[in-house]
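Data block below; observations after.
The values are calculated or read from the model by the stated rules, or taken from the named source; none is laboratory data. Just so it is clear, the structure is predicted and the values come from calculations on it, not from any experiment. Positions of Cβ are backbone-derived with ideal geometry, glycine not excepted, and every protein chain shown enters the neighbour counts. Heavy atoms of the whole protein, side chains included, go into the accessibility calculation; ligands, DNA and RNA do not. Shrake-Rupley method; radii C 1.70, N 1.55, O 1.52, S 1.80 Å.
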Amino acid sequence: QVQLVESGGGLVQPGGSLRLSCAASRSITSINSMRWYRQARGKQRELVAAISSGGTTNYADSVKGRFTISRASATNTIYLQMNVLKPEDTAVYYCNAQTDFGSYWGQGTQVTVSS
């Protein structure tokens with residue numbers, strides 16, 4: 001089992017930046033994939049970015065070049081650096097861990113991009 005706690009959300013103006021954090025309760029290098037999802041009001045949850053245990057990263061087309069997923073193995077934390085934010089990035093962002101024993105979710109953190 002993995003407990004995940006997100007932080008770092010908030011209100012930001014268009015063009016601004018935010019960094020989300022996700023603290024895991026166990027070693028993230030033993031987890032198959034760590035991911036960030038988001039869900040906007042009235043829409044389905046979508047995959048934003050992922051990082052594998054080997055360090056390979058993947059991004060949704062809508063965030064490529066603007067968002068960066070990274071990890072700090074020493075603190076079992078993953079990050080999502082979000083730059084050049086747009087109003088359409090407004091959503092609740094969720095951290096997810098894909099393990100051999102199941103999929104685990106954090107509670108989510110709200111990101112609002114508005115002037």
Out of (1) under 27 Å from residue 100 (Cα atoms); (2) among the basic types (Lys, Arg); (3) at pLDDT 95 or above, the odd one out for residue 26 is which?
-> (3)
When segment 56-115 is examined, which residues are found to be on the phi > 0 side of the Ramachandran plot, open to solvent by 70 Å² or more (accessible area, probe 1.4 Å) and in contact with a Gly (Cβ under 9 Å, 6 or more places away or on another chain)?
-> 84
By residue number, the members of segment 44-76 that are more than 21 Å from residue 100 (Cβ to Cβ), touching a residue at least 12 places away in the same chain (Cβ under 8 Å) and over 15 Å from the mean Cα position of the chain (by Cα) are 75
Looking only at segment 18-55, which residues are open to solvent by 20 Å² or more (accessible area, probe 1.4 Å), of a type outside the set (Lys, Arg) and closer than 19 Å to residue 7 by Cβ?
-> 18, 21, 23, 25, 37, 39
